[in-house]
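Written out below as structure tokens is the structure these notes cover.
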Amino acid sequence: MLTQAKNTEAKKWLSDVSSVALQQSLRHLDLAYKNFFNYFLSFVVEVEPSLTSAKSQSIGIDLGIKTFAVMSNGKKVQSPDYSKKVRPQNSQVTAKISTVSERLKEKK
């Protein structure tokens, strides 16, 4: 991917930058992308059956991102904040990208 980009006229300037830094940036970008989309939900619930009289036999649950779950009875469950776990990694990646950007500007 990097070699192909260096061969295009629009990105020919990539040849002026150390390929090690570019490859590392791509690995960090790939890792950040995978971490961002790497949250899965899996749960198991064990309950004892009980007989109750109910007005309605079912309830609808809408799962989302901003609000984790909204039930058809109006009850809402807020989403957990995973960004606290990711923030330190994001700041490290941002700092490295900024350093590479500054070096590129200096070489122009």
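The values are calculated or read from the model by the stated rules, or taken from the named source; none is laboratory data. Just so we're clear, the structure is a prediction, and the values are computed from it rather than from any experiment. Quick reminder, even Gly has a Cβ in these numbers, built from the backbone with ideal geometry, and neighbours come from all protein chains shown. The accessibility values were calculated without ligands, DNA or RNA, using every heavy atom of the protein model including side chains. Shrake-Rupley method; radii C 1.70, N 1.55, O 1.52, S 1.80 Å.
In this structure, does VAL70 turn out to be in contact with a Gly (Cβ under 8 Å, 6 or more places away or on another chain) and among the hydrophobic types (A, V, I, L, M, F, W, C)? For VAL70, the condition - in contact with a Gly (Cβ under 8 Å, 6 or more places away or on another chain) and among the hydrophobic types (A, V, I, L, M, F, W, C) - is met. Only one of (1) surrounded by 11 or more Cβ atoms within 10 Å (Cβ to Cβ); (2) within 27 Å of the chain's Cα centre (by Cα); (3) farther than 25 Å from LYS105 by Cβ is not met by SER72, so which one is it? Among (1) surrounded by 11 or more Cβ atoms within 10 Å (Cβ to Cβ); (2) within 27 Å of the chain's Cα centre (by Cα); (3) farther than 25 Å from LYS105 by Cβ, SER72 violates only (2).
Table: residues versus (1) modelled with pLDDT of 85 or more; (2) within 30 Å of VAL100 (Cα to Cα); (3) small (Gly, Ala, Ser).
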| site | (1), (2), (3) |
| --- | --- |
| TRP13 | yes, yes, no |
| LEU22 | yes, yes, no |
| ARG27 | yes, yes, no |
| PHE36 | no, yes, no |
| ILE61 | yes, no, no |
| PHE68 | yes, no, no |
| GLN78 | yes, no, no |
| VAL86 | no, yes, no |
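Among the residues of the stretch 91-98, is any modelled with pLDDT under 80, touching a His at 6+ places or on another chain (Cβ under 8 Å) and open to solvent by less than 100 Å² (accessible area, probe 1.4 Å)? Within the stretch 91-98 (the criterion being modelled with pLDDT under 80, touching a His at 6+ places or on another chain (Cβ under 8 Å) and open to solvent by less than 100 Å² (accessible area, probe 1.4 Å)), the answer is yes, since at least one residue qualifies. What do you reckon, is SER58 of a type in the set (Ser, Thr, Tyr) and surrounded by 11 or more Cβ atoms within 10 Å (Cβ to Cβ)? In short, no.
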